[in-house]
Amino acid sequence: MTTAPVRSATALEGPPDPDLVRIRDLIYQVAGIFHPDNKLRLLFDRCGRRMKELKTQSLREYFECLTIKPIRQAELVALLNEITIGETCFFRNMPQLDALRQIILPKVIEAKINLPMRKLRVWSAGCSTGEEPYTLSMMMMEEAQGRLKNWTVEILATDLNERSLTHARNAIYGDYSTRHLTPFYRQKYFTPVGSQLQVLTASCSNINFSRLNLSDDSRMTFMKSLDVIFCCNVLIYFDLASKRRVIQHFYNNLLPHGYLFLGHSESLYGVSDDFRLVHLPGGTAYVKGERAQARK
Amino acid sequence: MNTAATKATLLQRLEGLQHIPTIPAVLGPLLRYLQQPTEQLDVQKVTEMIGQDKSLAAQCLQMANSPLFGRWQKIDTLRSAVIGLGFQRVGDIAMSCGVLNIMPRDCGLDPVVFWEHSLGCALVARHFARKISYPDPGKAYLAGLLHDLGIIVNLWVLPKEFIVAFELARKEGIPLREAEQTVLGFTHCDSGLLLANRWDLAPDLKEVVALHHSPQVSKEHTALVTLVELSDLLCRMSGLNYGYVENRQVNLLEQTGFAVLSQQCPGMKDLDWARLTFELDSYLDEVHALVRAIYRI
């Protein structure tokens, strides 16, 4: 087989390699995660690592590994792992978190203001090693003297992987995970443990860590009365049918005003028509909302 | 000051302004010339027309080398720009530079953010138009570029008052037009229409300038107005905003002209809005880099 030289994908160096664009579109179609043209360089590097491993010479040949060779399923997972590697850290997606605090929280509070129980329930579905639920907990604690005064906040944090959950419960993190921490949060919510940082117990008290398989229908049914669900870079590993089932569960788990946040550049296109896409500053979210309910 | 009185003041000031914002002299004839059928157009003639304005020519050349306009090989001359990019693109580029050149430079605000937004909106409108098979993506570009003409008017005519409105919008995280209405008693849609009339823009562009925040009032060109309204919203919710974050949630599917645009463009039916939004990311860096480079010329 002849092999075309691997071309660079950066905008400055030339138009995107058509084979890289095919890989981008495949990943979007299968996993729902999109790399815009200015992020193709990143995708190119990640494909490059896999290509080195497989000793493939060209993107075209690698595309075949992802589509027609017997290893395609395993290779797709390997590439997705490369794509999401290092994604987990505290305060990972600031525009998303700012939108939660400035825009979503007031809406949720307004929707629940007349209920006898002032309780906010947030679920970090696929919480990995815990950075996301701890971030959410710290943010909500900052709101405890403001918007959330006299509110109870409950954060459910679930993951399939028991080892990740153990790490989460230990709450000790290195430089990489804590790289986005501002001095304010670092000092207020962490204590040094050797060269690492440990989350202070006070910031964990409202988090409930547990093992959960999102494909476990019977257990998913019991996740009730949620205001916000975060499920970032988790559904990308599911096939379409499983994705649809999980999303249907999320839909049922959320209260009528509820919101679903996915990872950056992650989409539900072709997966669910029930949720409505909304735009927030610097990002998107999915809202349950009245229209979707009426259509059902 | 009530609204009517303020609008009258605005009109008076615009009438009395010594230097009315006007697009560079070469652009009028150029754009008229480019409206002819392509087979009647002459590369040399277009090159000469732009070349009359040295500064504009230099800016056009810089812009022609941006990947945003689809070229990856270096373009050294205006002539190669016209040959390589085609008449339509060169017209778009010349007009884009023309709009930058009418931004007042010493008005107390950095006009670059407004031009960035306009250029971003033009590119997004063109991209969006292609995605939904809107019949005239070139018009969508021009409409996106000119939709905020009123901001330029406000910067020229009432700079101090406009800065107050802008600061209010930035501080509160609210749409600029709401702050303009509060502080000035009118919005950039009102003042933009005055200039659009003075420039004698085409009727569809006038509607875009005047109604891009209220497409429900639009009668003749609702599809184009809505296309620009949605592109404008996408830009304002992304990094192609006016340099500040609007603290709100936007549902594009519930915008008023959405049904009209869907009726006219079948591509709207299955449009992947999430992907369209993600695709905008690729414009961000390029637009920022290009705008800074051109502004220095």
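Throughout, read-outs are computed from the coordinates displayed, never taken from laboratory work. All figures in this text were calculated on a predicted structure; none of them were measured in a lab. Glycine gets a Cβ as well: all are built from the backbone with ideal geometry, and neighbour counts include every protein chain shown.
Under 8 Å for C-alpha pairs, at least 6 residues apart: give me the relative contact order for chain A, rounded to a whole percent. Intermediate results must be reported in sequence, preceding the final value.
Details: 431 pairs, mean separation 52.2, N = 296.
Worked out over chain A, it gives 18 percent.
In bins 10 Å wide, starting from 0, what share of all Cα pairs of the protein assembly as shown does each bin hold, as a percent?
Cα pair-distance distribution for the protein assembly as shown, in percent: 3, 15, 23, 24, 19, 11, 4, 0.
By its C-alpha gyration tensor, with a ≥ b ≥ c as the square roots of the eigenvalues, how is segment B:190-297 shaped: rounded for a/c under 1.5, else prolate for a/b larger than b/c, else oblate?
Working: a/c = 1.84, a/b = 1.09, b/c = 1.68.
Note, shape of segment B:190-297 comes out oblate.
Restricting attention to segment B:71-129, which chymotrypsin sites (Phe, Trp or Tyr not before Pro) occupy a DSSP loop and are surrounded by at most 16 other Cβ atoms within 10 Å? Please list the in-between numbers first.
Numbers: sites: B:TRP72, B:PHE87, B:PHE114, B:TRP115, B:PHE128; in loops: B:TRP72.
Those satisfying the criteria are B:TRP72.
State, as an integer percentage, the relative contact order of chain B based on alpha-carbon contacts under 8 Å between residues 6 or more apart.
On the way: 391 pairs, mean separation 60.3, N = 297.
With pairs under 8 Å counted, the relative contact order is 20 percent.
Among the lysines, which have Cα under 21 Å from the Cα of B:LYS54 when same-chain residues fewer than 8 positions away are ignored?
Here the lysines satisfying the reach criterion relative to B:LYS54 are B:LYS45, B:LYS74.
Running a GNM on chain A with Cα contacts under 10 Å, which residue among A:LEU105, A:LEU197, A:LEU115 ends up with the highest mean-square fluctuation?
A:LEU115
Extension gain A:SER225-A:ARG147, at 0.36 nm per residue separation less the Cα-Cα distance, in nm? Mind showing how you got there, number by number?
On the way: separation 78, 0.36 × 78 = 28.08 nm, distance 2.01 nm.
Net length gain for the segment: 26.1 nm.
Can you give the relative contact order of segment A:100-160 as a percent, counting alpha carbon pairs under 8 Å and 6+ residues apart?
Details: 57 pairs, mean separation 27.8, N = 61.
Dividing the mean separation by the residue count of segment A:100-160 yields 46 percent.
Can you pull the mean other chain C-beta count within 10 Å for peptide A:96-109?
Values: counts 0, 0, 2, 5, 0, 0, 4, 5, 1, 0, 1, 1, 0, 0.
Mean number of neighbouring Cβ atoms from other chains: 1.
What is the distance, in nm, between label points placed 7 Å from the Cα along the Cα-to-Cβ direction at A:MET94 and at B:LYS74?
A separation of 3.6 nm, rounded to one decimal place.
Suppose we keep just the alpha-carbon trace of segment A:209-262; what are its Rg and Dmax in angstrom?
Computed over the Cα atoms of segment A:209-262, radius of gyration and Dmax are 10.7, 28 Å.
Within 10 Å of each Cβ in peptide B:270-282, how many partner chain Cβ atoms are there on average? Round it to a whole number, please. Numbers along the way, then the final one.
On the way: counts 2, 1, 6, 6, 13, 8, 1, 8, 11, 5, 1, 8, 8.
For peptide B:270-282, the averaged partner shielding equals 6.
Going by how many other beta carbons lie within 10 Å of each one, how would you line up A:LYS69, B:LYS45, B:LYS160, fewest first? Don't skip to the answer; put the middle values down first.
Numbers: A:LYS69 15, B:LYS45 11, B:LYS160 8.
Fewest to most other Cβ atoms nearby, the residues stand as B:LYS160, B:LYS45, A:LYS69.
According to the Kirkwood expression over distinct Cα-Cα pairs, how big is the hydrodynamic radius of chain B, in Å? Intermediate results must be reported in sequence, preceding the final value.
Values: mean 1/r = 0.0512 Å⁻¹.
About 19.5 Å for chain B.
Whole Å is fine, so just give me how far the alpha carbon centre of segment B:275-292 lies from that of segment B:198-269.
So the separation of the two Cα centres works out to 19 Å.
In the P(r) worked out for segment A:102-192, what percent of Cα pairs fall beyond 18 Å?
52 percent
Based on the Cβ-Cβ distance of A:ASP45 and B:ASP285, what FRET efficiency does E = 1/(1 + (r/R0)^6) give at R0 = 22 Å, to the nearest 0.05? Could the numbers behind the result be given before it?
Details: r = 17 Å, r/R0 = 0.78.
Once the sixth-power term is evaluated, E becomes 0.80.
Which residue fluctuates most in the GNM of chain A (Cα springs below 10 Å): A:MET94, A:MET117, A:MET51?
A:MET117
Greater than 26 Å separation of Cα atoms is the criterion. Which listed pairs, A:LYS119/A:LYS188; A:LYS243/A:LYS288; A:LYS112/A:LYS243, meet it?
Long pairs (Cα-Cα over 26 Å): A:LYS112/A:LYS243.
What Kirkwood hydrodynamic radius do you get for segment A:158-293 when you take the inverse of the mean 1/r over all pairs of distinct Cα atoms, in Å?
Computed over segment A:158-293, the radius equals 16.9 Å.
In the neighborhood of B:GLU178, defined by Cβ-to-Cβ distances under 11 Å, what is the net charge if each Lys or Arg adds +1 and each Asp or Glu adds -1? Mind dumping the intermediate values first?
On the way: positive: B:ARG177, B:ARG248; negative: B:GLU172, B:GLU180, B:GLU246.
Surrounding charge for B:GLU178 is -1.
Cross-link partners among lysines for A:LYS52, C-alpha distance below 23 Å, same-chain residues fewer than 8 apart left out?
A:LYS39, A:LYS69
In terms of modelled amide H atoms, which long-range or inter-chain residues lie less than 5 Å from the amide H of B:ILE132?
none
For the pair B:LEU11 and B:LEU253, how long in nm is the line joining their label points, each one 7 Å along Cα→Cβ?
4.3 nm
Test of understanding: ordering A:HIS249, B:HIS117 by Cβ neighbours within 10 Å, fewest first, what list do you get?
Ordered from fewest to most neighbouring Cβ atoms within 10 Å, A:HIS249, B:HIS117 come out as A:HIS249, B:HIS117.
Compute a Gaussian network model of chain B, connecting alpha carbons closer than 10 Å, and tell me which residue from B:ALA143, B:ALA58, B:ALA196 fluctuates the most.
Largest GNM mean-square fluctuation: B:ALA58.
If you put +1 on each Lys and Arg Cβ and -1 on each Asp and Glu Cβ, how big is the dipole of the protein assembly as shown around its Cα centre, in Debye rounded to 20? Each step should come with its number before you reach the end.
Details: 65 positive and 62 negative charges, 211 e Å.
The calculated dipole for the protein assembly as shown is roughly 1020 debye.
Count, for each residue of A:30-36, the Cβ atoms from other chains sitting within 10 Å of its Cβ, then give me the mean as a whole number. Intermediate values should be presented prior to the final figure.
On the way: counts 0, 0, 2, 1, 7, 3, 10.
Whole-number average of other-chain Cβ neighbours for A:30-36 is 3.
What is the gain in length, in nm to one decimal, between A:LYS52 and A:HIS180 on full extension, counting 0.36 nm per residue of separation less the C-alpha to C-alpha distance? Walk me through the numbers before you get to the answer.
On the way: separation 128, 0.36 × 128 = 46.08 nm, distance 3.07 nm.
Difference between extended and current length: 43.0 nm.
In debye to the nearest 20, how big a dipole does segment B:141-297 give about its Cα centre with +1 on each Lys and Arg Cβ and -1 on each Asp and Glu Cβ? Numbers along the way, then the final one.
Working: 13 positive and 21 negative charges, 62 e Å.
In total the dipole reaches around 300 debye.
Would you be so kind as to identify all helices of chain B, as entire DSSP H runs, whose Cα atoms reach 30 Å or more along the helix's own axis and whose mean Kyte-Doolittle hydropathy is at least 0.0? Display every interim value, and only then the final one.
Values: long enough: B:273-295 (32 Å, 0.22).
Qualifying helices: B:273-295.
Between A:ASN252 and A:ILE85, what length comes free when the chain is fully extended (0.36 nm per residue of separation minus the Cα-Cα distance, one decimal in nm)?
On the way: separation 167, 0.36 × 167 = 60.12 nm, distance 3.04 nm.
Additional length available on full extension: 57.1 nm.
Give me A:GLU132, B:GLU207, A:GLU75 ranked fewest to most by other Cβ atoms within 10 Å of their Cβ, as a rough exposure proxy. Walk me through the intermediate numbers first.
On the way: A:GLU132 27, B:GLU207 24, A:GLU75 20.
With the fewest neighbours first, A:GLU132, B:GLU207, A:GLU75 line up as A:GLU75, B:GLU207, A:GLU132.
Loop-only chymotrypsin sites (Phe, Trp or Tyr not before Pro) in segment A:176-252, please: DSSP not H, G, I, E or B, and at most 16 other Cβ atoms within 10 Å.
Numbers: sites: A:TYR176, A:PHE184, A:TYR185, A:TYR189, A:PHE190, A:PHE209, A:PHE222, A:PHE230, A:TYR237, A:PHE238, A:PHE250, A:TYR251; in loops: A:TYR176, A:PHE222, A:PHE238.
Answer by residue number: A:TYR176, A:PHE222.
Treating only the Cβ of Lys, Arg, Asp and Glu as charged (+1, +1, -1, -1), what charge dipole size does segment B:142-221 show about its Cα centre? Round to the nearest 20 debye. Could you put the intermediate results ahead of the total?
Details: 7 positive and 11 negative charges, 24 e Å.
Magnitude of the dipole: close to 120 debye.
Ordered by packing density, taken as the mean number of other Cβ atoms within 10 Å over each peptide's residues, highest first, how do B:220-227, B:257-264, A:256-263 rank? It would help to have the intermediate numbers written out before the result.
Values: B:220-227: 24.5, B:257-264: 17.4, A:256-263: 21.9.
Descending packing order for the listed peptides: B:220-227, A:256-263, B:257-264.
Gap in Å between the Cα centre of segment A:41-76 and the Cα centre of segment B:40-102?
Result: 40 Å between the Cα centres.
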